[in-house]
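Remarks on the structure that follows.
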Amino acid sequence: TYAEFEGARVYTWEGLSNEIKLQEGIVRGGIDTAARSPNGMHVCYLRTGTLYCDDWKFDIGNMSNMLSVSDDGYVVVGPENPILVLKDGKVVSSINASSNMALAYKDKIITQMNNGLAVLNPEGKILASNNNFSFNVGALLKIIPVPSEKYLFAFKAFEKTHVLDWNLKEVRTLPGYPEFANDNFVVTSDNGIIHCYSLKDFHEVFNVTVPGDSIGYIKLSNDGKVMLVSGETGGFYLYRGARKE
C-alpha cells in the first residue's frame, strides 16, 4: 500500500522497472526537488541541503538545486558557481560556467562558457564551443539546448531551431522552438502547432495543434507512437497514433 512505501517508482510501458525508496529519515512531502535520468535508471532527490541518488548521498550545502541527471549516472548541481558534477557520491569536477544552468547528457556536460554554448566532459574539459548560441533562462524567454544522441537543438530568440552536431557545428534549421528530442525524433512548437521530425532525414512525421493555452513540457516515446503534453498551469494530454515513416 502507499502507506508502506515512500519513494519513487519508475515505469516503462511494460510496467514497473525500478523502485527507489526514500532513505531513512526522509518523510513523504519533505523533498525539495527530484529528477531522474532519461532512461529512468538513476533517480535523485534533494532535501535540506543533502542530495540522495540511488544508494549514495552528498551534502551540497547552500547549493539549492539539482539541475540534471544523465543515463551514465552523472549529476549536475547548482545554481551557484562553480557548478558541481557528481558521480557515485563523489565530486568529479567543479565548473566555473558563465550561466547558472547546465545539463548532463550521458558522459557530456552542456552549459555556457565565456558567453557561448559549450560541451564539456565530466572532468570539465571543453570539447566544443560556439559563441553564436547561449544557455539561459530569463523571466520571459528560456533558451535551453535540447540534446539527443547525434544532435543538439539550440534556439535563438525569436528565430528557429538550429540543429548542431556535438562539435557544435550547424547542420540545418527547423521551424519553431525545440521542446523535446530523443534518439529518433525532435519535437518543436511553432505558432500554436507541435511538429515532430524524424532524425533520419528530418522529414515531418506528424503535427498537432497545441492543446490548451500553453506548453509546459512534451515527452515523446522512442518509437514516436505516444506523446505526452502538459500545460504550464496544469492539464495533461496523451496522444497515441501509428508512426509514419
Along Cα→Cβ, 7 Å out, is where each label goes; now give me the distance between the ones at residue 170 and residue 56 in nm to one decimal.
4.0 nm
What FRET efficiency comes out for the pair residue 199/residue 232, r = Cβ-Cβ distance, R0 = 45 Å, nearest 0.05?
0.95
Ranked from highest to lowest mean number of other Cβ atoms within 10 Å per residue, what is the order of the peptides 233-239, 157-163, 143-149?
143-149, 157-163, 233-239
If a/c stays under 1.5 just call it rounded; otherwise compare a/b with b/c (prolate if a/b is bigger, oblate if not). Do that for the stretch 118-189, with a ≥ b ≥ c from the square roots of the Cα gyration tensor eigenvalues.
oblate
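Going highest first, how would you order 105-111, 36-42, 195-201 by mean Cβ packing within 10 Å? List each step's numbers first, then the result.
Details: 105-111: 21.4, 36-42: 17.9, 195-201: 16.0.
Taking the mean over residues of other Cβ atoms within 10 Å, the ranking is 105-111, 36-42, 195-201.
Values quoted throughout were computed directly from the atomic coordinates according to the rules given, and no laboratory measurement underlies them. Keep in mind it's a predicted model, so treat the numbers as computed, not measured. Cβ coordinates were reconstructed from backbone atoms using ideal geometry, including for glycine residues, and neighbour counts include every protein chain displayed.
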